Amino acid sequence: MPVASVTTSALGSLTLLEDEDKDIRVYALNHLLSIVGQFWAEMSDKLSYLELLADPMSKELPIESRPQAALLISKIYFYMGYLEEAVEFALKAGSSFEKEKEGEFRETIISGCLDRAIDQTSRGEKIDPALSNIVDSVLRSTSGENGKLAMGLALSLRRLDLVEMIYLTSRASSQPSTSSQASSSRPTHDESLLRYVLSEVVSGASGNESWSGEFRSNLFNLLLRLFNFNPNPDWNSITTIWAQNFDVDACGDALVKLVKDGNHLDAYQIAFDLNEVAPQAFIDGTRSKLAERGLAPPEENPDESDPQVILDNILVGVTSAELFLNFLNKNNKTDMSILKVTKDTLEDRYSIYHSAITFTNAFAHCGTTSDKFLRENLDWLGRASNWAKFSTTAALGLIHKGSWVNGVKVVQPYLPGGSAPNKFSEGGALFALGLIYNGRKELAEVELKKGLGETMDPIIQHGAALGLGVSAIATADEDIYDQIRTVLFTDNATAGEAAGYAMGLVMLGTASEKALDEMLSYARETQHEKIIRSLAMGIAFVMYAQREKADGIIRILTEEKDAILRYGGMFTIALAYAGTGNNKAVKKLLHVAVSDVNDDVRRAAVTALGFVLFRNHTQVPRVVQLLAESYNPHVRHGATLALGISCAGTGLETAVELLEPMTKDPVDFVRQGAYLSLAMILIQQSEAQSPKSASIRELFSKVVADKHEDPMARFGASLAQGIIDAGGRNCTLNLSTRAGTLNMNTIVGLTLFVQFWYWFPLAHGLGLAFTPTALIAVDDKLKLPKIDITCNAKQSLFAYPSTEKKVEEKKKDKAKTAVLSTTAKAKARDRQKKVEAGEAMDTDEKSETAGTSDKPSTSVPAQKKKPSEPSSYTLSNLSRVTPNQLQYISFPSEGRYAPIRPSFEKPDGINASGSIVVVKDNTPEKDGEYVELDKSLWPGQSPEQDAQNEVPQARSSAEVGAVSTTGAEEEDEEIEPPQSFEYPFED
């Protein structure tokens, strides 16, 4: 019986490789390929000869066998651990490698090929054809389950043809449709792949920061074309593409087609979404496009029920403003006792404490139009002086933010020429006007431009410039810009400071070379630090969301000798790369944070990390952990703000755990930053979601009440109380919209807010950042039908914080009656007899004896178990729905009203609707019940008469408020112990 031969060495085959006969060499090569995994170490000695055989110009082997030699070399390098060389020779192997069976070698080489292709693409180099063939074969063989992986590779390789191929070869899931539309209208391809690509592009995740503007635009155009293949387009995704690509023409054409086809509901929903995610310039362009196509509303006597008028009102934002104003006013849950305690605790004779109460009230009542606190505390209001009076008056702008109809009437008495002449209140009123009409410059432009007049006091010009900047934000209005620049050139520190910020706000995100040159030149010329700082921040605003286009100005600013300009350079990085997670930007900020000689610059660099990394907020605590332990208190303060900004509204537990020790920091302004950031993170977080929220609220109250605490820390804790309850506990902080785009107002508002370090009135900028968290359903006539909306979660999970105070009453212990031992024994015997006889123990001493006895009593009933909380509950229309709550919301499946789009959270994680949802009435012939809006918040006709009617009411309510407050104080004086005091001894 023949014995099987066993190969014990590769030397024989290696010797045959050098034979003169080519056929023998080919045989030896094939044998070596079969044993390379075992004898690669012996073969490595012959690598130089093997490379000669694999050379395309070599004649040692037949042409068809040379790729096999390259494959053998690749495997030898693979086993030796030299992966780069292994990939190189695998590419030379070509068809031989493609025939290689599945295994560790093939997977490793393919992975290396993909890495090499991505690297070459990112460097702008042309990919080798052999490498391209391997990549294509991998992507084409990818199964549907790995579609997102294939899409990710295609994006990394910037291969739009592969993106299209992967989508067209995919198949939509065969889940049963809940809509009433026929199955023939369902998409045939998997649109979740396109939404995945869109989310990756919009989010600016790491890896796509190097994409050119041309590639990004081409990708958006491809996505738009592929989305339109669906007979029922995903308008939410398409709207995002329009806004991202600034495709006004496509948006206008689609809206025109929808309106002319009578599909008004889809047009209205698109308009609501555009109002939420698109910049003002885009909306203005869309309205112009509609006007060109004959869909502009009539200028005289418009019919409010006309679809063209309705569509225009939605685009302009009038409808959204009215709905949100009613929502915030109706659902205002501000705990007035917190404000009262804060006011009574903080000594308002100090300007810092007066400002703290002002900001706390403004944040807590932002957008609610509720000035109850001000009316009830007129004496406190009258004690404001100088810039505190400016801030107090400007606070009216936050309280009445979005009140476009009544806004002017609210601040009219304080405007220049009004009934309350004071330059500080006049300047504050102009700033308030800008805050009320944020993004709607046409409603306040005339009054604000008057305030910029040359004859005006610099303090009034200060308020007017800030108001114009906020109201004309991102409009790039050259006329307004020129007027503000004129104020800047007067070189007055007060007026010039506001002008610098305002110029940047007006030119926000335009990257205007003219504006950059003028602002940078003047910043180098002027001697006023306030003006230099405001211009540096103005430059940062101009470069908002510009990414690589901002690298030139960033380099100039960061290399300046003036520390204030370097400070502006840090915020230029923050705004230009906001939400991108760009590695280069993060690296630069971390370098400056530990190396710059100026504390302000280092603090700004760490703070800027929060803006750049907010999309990857879970990574921020790890990034700033060491910075939070820095010896430099300014770096620690920056770390607190970075956490607050990046994790705003998320309730991230790791961020809270990192900030809690910093509330005990020895430096007062570090504690201040920790309080502010905790409030930002825990905004709208219930105790069920974030168990620490209750203890953090108590901490704020404790710090504010502690008279031995440093003023800066008490200031921060007071503001934190307003932030955590912003907008009557109905607003949140979101740096991105539900469509994934940057939330311009929030990012700008937070940037202005952190400048309060230098100038308190800029803290009002935070009011721009608050976003109402409402669920508002409207029908085709923009009425609010009464709908029962289900939230499939426990009510406590998203409940408002409890306003009930836990009062522990101390019961007075009655003196115990002396009882003789013989009497006690006699009573005990009587009780024992009654128990044995089964009689009830009806004695006066029952309760006392039961309370003092150590023995368990059989007559005490068992405690009732707390009833379990239902797993779902019902919401009404115009209710608060937080971002985390959206995924649990559902409309009645067979109700009268149904949303025209899939409700909220889709299976692939893309939100389908914004705060305002358009619903279809399935039985329009029946009369419906509607939620009534408060007409006084948005009067339609004769505003002059409304103003006359409101003035006496305001006075009377103010008087009543003052009286009631006095009565309350008198009652409190009887209960509360007298406050400590020092007797003024005289010599």
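Quick note: the coordinates plus some simple rules give every number you see, no bench work behind them. These figures come from a predicted structure and were not determined experimentally. Cβ coordinates were reconstructed from backbone atoms using ideal geometry, including for glycine residues, and neighbour counts include every protein chain displayed.
When you filter the chymotrypsin sites (Phe, Trp or Tyr not before Pro) in segment 300-392 for DSSP loop state and at most 14 other Cβ atoms inside 10 Å of their Cβ, you are left with TYR350. Here the extension length gained between ARG106 and THR790 equals 241.0 nm, from 0.36 nm per residue of separation less the Cα-Cα distance. For GLU304 and LEU378, the difference between the fully extended length at 0.36 nm per residue and the C-alpha to C-alpha distance is 22.6 nm.
Of the trypsin sites (Lys or Arg not before Pro) found in segment 234-323, those in coil by DSSP whose Cβ has at most 15 other Cβ atoms within 10 Å are ARG293.
How would you classify segment 280-343 from its alpha-carbon gyration tensor, with a ≥ b ≥ c the square roots of the eigenvalues: rounded for a/c under 1.5, else prolate if a/b is greater than b/c, otherwise oblate? Prolate is the answer for segment 280-343, as a/c is 1.5 or above and a/b outweighs b/c.
Charged side chains reduced to their Cβ positions (Lys and Arg at +1, Asp and Glu at -1) give segment 237-384 a dipole of some 660 debye around its Cα centre. Farthest towards the positive end of the charge dipole of segment 260-364, among the residues LEU311, THR342, ASN275, is the Cα of THR342, using unit charges on the Cβ of Lys, Arg, Asp and Glu.
Each Lys and Arg adds +1 at its Cβ and each Asp and Glu adds -1 at its Cβ; summed about the Cα centre, segment 594-684 shows a dipole of about 160 debye.
Shown is the FRET efficiency for ALA41 and MET165, computed with R0 = 45 Å from the Cβ-Cβ distance and rounded to the nearest 0.05: 0.55.
Length gained on full extension, SER695 to THR654, computed as 0.36 nm times the residue gap minus the Cα-Cα distance: 13.2 nm.
Among THR650, SER718, HIS634, whose Cα sits farthest toward the positive end of the charge dipole of segment 624-721 (+1 at Cβ of Lys/Arg, -1 at Cβ of Asp/Glu, about the Cα centre)? My answer, from the dipole projection, is SER718. Highest mean packing comes first when the peptides 211-219, 47-55 are listed by Cβ atoms within 10 Å, giving 47-55, 211-219. When the square roots of the Cα gyration tensor eigenvalues are ordered a ≥ b ≥ c, the ratio a/c for segment 11-141 is 1.5 or more and a/b exceeds b/c, which makes its shape prolate. Modelled spin-label separation between LYS664 and GLU292, with each label point placed 7 Å from Cα along the Cα-to-Cβ direction: 6.5 nm. In this structure, the pairs whose alpha-carbon distance is over 18 Å, taken from LYS46/LYS75; LYS664/LYS702; LYS333/LYS935, are LYS333/LYS935.
Rounded to the nearest 20 debye, the dipole magnitude of segment 11-141 is 300 debye, with +1 charges on Lys and Arg beta carbons, -1 on Asp and Glu beta carbons, and the Cα centre as origin.
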